[in-house]
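Enquirer: If you scroll down you'll find the structure; I have some questions about it.
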Ligand SMILES: Cc1cc2nc3c(=O)[nH]c(=O)nc-3n(C[C@H](O)[C@H](O)[C@H](O)COP(=O)(O)OP(=O)(O)OC[C@H]3O[C@@H](n4cnc5c(N)ncnc54)[C@H](O)[C@@H]3O)c2cc1C
């Protein structure tokens, strides 16, 4: 049956369910599948309205937060390097605990960090800052992942020994634009020339470049989030049929549930597979 309207309300009826539009049109149904998606990219249709519909039948909603989303970082480096891309390794760090890890492209932006590496560690950070209100969230970035810290330290020490200027120390290791901020890295490393041996200064600078810490203040919003983290609590849904444990005949499919996959097609695969299973209603 094609109703062709946005479901504004769903109530229990003698035959199962009565689904109503905002204008008051109703459709009677023996079973209902809630498949209205999450809250990401509202311009594409999903707006989180199904959470309220699930809530009518007693379902608990894990607070939705944007995921696969760029990170808000207040670091002058992001502004100085804005538009610059770099292949990195990244790991989220929340209250001292390492979380999601990613390898990929980091894109410096005026507001902070984007690119696949930032998106791939964003879920744990978004949950920490947007849902749990944690302040101690950061991303640790290995800016030179193709060299061990030991080899990098030796190379940097050699360059210092040979009298390379601070801005040239990253030549050939990092994109040219990094010359702007190499002196800042040296400062962060406490590697002032003349105050320590070149060996020690090289080791300190390598440590900063291999584990650059960016404190995360927040994330960009729903209009830039590929996924939604959160939704209808999956523990309240029968795993074999995706029927509600709380209301017979009510089913769920796709991103409306608190089920997440990483980038790479896992969320679409889940939406299609769960829609198929939920559609096998008795
Ligand atoms: C920019 C972007 C890039 C993405 N890239 C990837 C990727 O590379 N790989 C991947 O796996 N996933 C990706 N995703 C995520 C993926 O698209 C979603 O996980 C998937 O589409 C979810 O499917 P769904 O059917 O649950 O919800 P949706 O696709 O959001 O569809 C929900 C539909 O329900 C309708 N609806 C909502 N509320 C109501 C209501 N009350 N009544 C009637 N209809 C309603 C909406 O209009 C919408 O048409 C991306 C998402 C975005 C936004």
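Read the figures in this text as sums done on the coordinates, not as results from a lab. Treat the numbers as computed from the prediction; the structure is a model and nothing was measured. No Cβ is skipped: glycine too gets one built from the backbone with ideal geometry, and neighbour counts run over all protein chains shown.
Enquirer: Between residue 226 and residue 276, how many nm apart are label points set 7 Å from Cα along the C-beta direction?
Expert: 2.3 nm
Enquirer: Return the whole-Å distance between the Cα centroid of segment 45-102 and the Cα centroid of segment 152-193.
Expert: So the two Cα centres are separated by 32 Å.
Enquirer: Next up: Go ahead and collect, in residue order, the members of segment 182-219 whose backbone nitrogen is under 17 Å from a label point 7 Å along the Cα-Cβ direction of residue 98.
Expert: The answer is 207-214.
Enquirer: Which of these, 69, 259, 216, has the largest mean-square fluctuation under a Gaussian network model of the chain (Cα springs below 10 Å)?
Expert: The residue that fluctuates most here is 259.
Enquirer: A follow-up question, please. Using a Förster distance of 35 Å, how high is the FRET efficiency between residue 245 and residue 134, based on the Cβ-Cβ distance and rounded to 0.05? Don't skip to the end; give the middle numbers.
Expert: Numbers: r = 31 Å, r/R0 = 0.88.
Calculated value: 0.70.
Enquirer: Follow-up question, since we're still on this one. By how many degrees, 0 to 90 and rounded to 10, does the Cα axis of helix 266-279 deviate from the longest principal axis of the chain?
Expert: So the inclination is approximately 10 degrees.
Enquirer: Moving on. Among 215, 191, 68, which one shows the highest mean-square fluctuation when the chain is modelled as a Gaussian network with alpha-carbon springs under 10 Å?
Expert: 191
Enquirer: Give me the number: length gained by fully extending residue 167 to residue 184, i.e. 0.36 nm times residue separation minus the C-alpha to C-alpha distance, one decimal in nm.
Expert: Details: separation 17, 0.36 × 17 = 6.12 nm, distance 0.92 nm.
Roughly 5.2 nm would be gained on extension.
Enquirer: Using a Gaussian network model of the chain with C-alpha springs under 10 Å, which one of 117, 253, 20 is most mobile by mean-square fluctuation?
Expert: 20
Enquirer: If the convex hull of the alpha-carbon atoms of segment 149-211 is projected onto planes in all directions, what is the mean projected area in square nanometres? Intermediate results must be reported in sequence, preceding the final value.
Expert: Values: hull surface 14.4 nm².
The directionally averaged projection comes out at 3.6 nm².
Enquirer: Could you check how many percent of all C-alpha pairs in segment 87-175 are farther apart than 21 Å? Write out the running numbers ahead of the final one.
Expert: Working: 1702 of 3916 pairs.
Counting every Cα pair in segment 87-175, those more than 21 Å apart make up 43 percent.
Enquirer: Here's another thing I want to ask about it. Going out from 0 in 10 Å bins, what whole percent of all Cα-Cα distances in the chain drops into each bin?
Expert: Distribution as computed: 7, 25, 24, 17, 12, 8, 5, 2, 0 percent.
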